[in-house]
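Q: I'd like to ask some things about the structure below.
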Amino acid sequence: MFRRLVLCLTLLSSIATYGQLHMEANLRNNHLWRGIEVADGLVLTSDVNYTFLNGLVTFGFWGGTNTEGVYKEFNNHLSVQYKGFSFALWDTYNFSKNATYNNEEFFNYSAHSTGRFLDAIVSYRFGEKFPLLVSWATVIFGRDRNEDNTSNKYSTFCYLEYPVYKQDKWRVDVGLGGAFALKQCGSESNFYGDTSGIVHATISVGYDLAIGGYELPVNISTVWNPQADRAFFQIGVRLVSF
């Protein structure tokens with residue numbers, strides 16, 4: 001028993017020794033996510049995470065709020081990356097004031113009453129000669145239920161992204177995403193819309209702005225949601241990254 005305890009402590013010590021702590025903060029004019037405007041107004045988002053096992057595993061916390069204090073979000077995330085493959089779990093809890101679901105019980109993990117959702121994401125980025133990103137994300141738990149609250153819909157978002165231009169400090173990416181429910185439960189409604197279809201089309205332009213010795217990556221995105229007949233514009237800047 002004692003030898004096992006020593007072995008576990010040694011392993012944890014090794015992880016702590018060879019891991020890296022990271023922090024990032026971004027400022028944007030809104031928060032867009034998979035064709036949905038989650039919040040408008042100035043939005044500050046931040047992430048603190050710990051990467052270990054030579055960058056293979058990352059665990060962290062992501063949060064966001066807007067200047068009005070109406071939008072508030074706090075997420076836990078865990079990911080495993082190997083070469084071009086990535087598997088991630090995002091435990092998302094949006095506790096904004098005007099939420100139409102349970103937004104007052106952070107530790108509620110009851111399938112019938114929780115206000116959170118668990119998103120499982122599998123993605124692959126091809127090599128440098130063809131750097132296409134392919135992603136599949138399914139809501140496997142939480143507030144993605146049928147009308148009777150008896151079953152999950154398992155809403156799924158499939159996404160393709162490709163960098164069409166990259167030179168010096170400039171980069172341009174285009175992306176296309178569609179959504180549907182794996183378990184339709186009598187209708188095509190899902191987490192992202194009333195029917196299955198394209199919910200996210202984007203063109204994103206980025207530039208690494210240098211002010212003195214300080215670098216401020218700036219990004220401008222246009223996002224269209226054909227299914228909802230909506231379009232969004234976003235400009236953002238990464239304030240810090242360590």
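Q: Averaged per residue, what accessible area in Å² does the chain show with a 1.4 Å probe, protein chains only?
A: Here the per-residue accessible area is 60 Å².
Q: Within a Cβ distance under 13 Å of Lys83, other residues only, what is the Lys/Arg minus Asp/Glu net charge?
A: Here the charged neighbours net out to 0.
Q: Kirkwood hydrodynamic radius, the range 98-232, all distinct C-alpha pairs: what's the number in Å?
A: Taking every pair of different Cα atoms in the range 98-232, averaging 1/r and inverting gives 17.2 Å.
Q: Just to verify a number: what accessible area does Val139 come out at with the full protein assembly present, 1.4 Å probe, Å² rounded to tens?
A: Here the accessible area works out near 0 Å².
Q: Would you mind getting me the FRET efficiency between Asn98 and Leu78? Use the beta-carbon distance for r and R0 = 35 Å, nearest 0.05.
A: Using R0 = 35 Å, I get an efficiency of 0.75.
Q: Loop sites only, by DSSP: take the trypsin sites (Lys or Arg not before Pro) in the chain that have at most 10 other C-beta atoms within 10 Å and name the longest stretch containing none of them.
A: Here the longest run is 130-242.
Q: Over the chain, what percent of the accessible surface lies on carbon and sulfur atoms, probe 1.4 Å?
A: Ligands and nucleic acids excluded, carbon and sulfur reach 62 percent.
Q: Also, quick follow-up: Net charge around Phe157, counting only other residues with Cβ within less than 14 Å of its Cβ (Lys, Arg = +1; Asp, Glu = -1)?
A: Value of the local net charge: -1.
Q: For the residue pair Phe106 and Ala120, what label-to-label distance in nm results when each label sits 7 Å from Cα along the Cα-to-beta-carbon direction?
A: Going from the Phe106 label point to the Ala120 one covers 2.6 nm.
Q: With contacts defined as alpha carbon pairs under 8 Å and 6 or more residues apart, what's the relative contact order of the range 58-109 in percent?
A: The normalised contact order for the range 58-109 reaches 29 percent.
Q: Given Cα pairs under 8 Å that are at least 6 residues apart, what percent is the relative contact order of the range 24-166?
A: 13 percent
Q: Let me ask something else. Could you rank Phe107, Phe87 by how accessible they are, 1.4 Å probe, largest area first?
A: Result of the area sort, largest leading: Phe107, Phe87.
Q: Moving on. Mind checking the full-extension length gain between Tyr165 and Ser113? Use 0.36 nm per residue of separation minus the Cα-Cα distance, one decimal, nm.
A: Net length gain for the segment: 14.2 nm.
Q: May I pose another question? Compute the length gained on full extension between Asp40 and Leu209: take 0.36 nm times their separation in residues and subtract their Cα-Cα distance, giving the result in nm to one decimal.
A: 58.4 nm
Q: Right, another one. Counting other Cβ atoms within 10 Å of each Cβ, which GluC sites (Glu not before Pro) in the range 17-68 have at most 16 and sit in a DSSP loop?
A: Those that pass, being in a loop and sparsely packed, are Glu68.
Q: Can you find, among Gly19, Cys185, Leu118, the residue farthest towards the positive end of the dipole of the chain? Put +1 on the C-beta of Lys and Arg, -1 on that of Asp and Glu.
A: Of the options given, the answer is Gly19.
Q: On the full set of protein chains, 1.4 Å probe, figure out the accessible area of Tyr207 and give it in Å² to the nearest 10.
A: Its heavy atoms expose roughly 70 Å² to the probe.
The values are calculated or read from the model by the stated rules, or taken from the named source; none is laboratory data. Worth saying up front: this structure is predicted, and the values here are computed from it rather than measured. Cβ atoms come from the backbone with ideal geometry, glycine included; neighbour counts cover every protein chain shown. All accessible areas refer to the heavy atoms of the entire protein, side chains included, with ligands and DNA or RNA removed. Shrake-Rupley method; radii C 1.70, N 1.55, O 1.52, S 1.80 Å.
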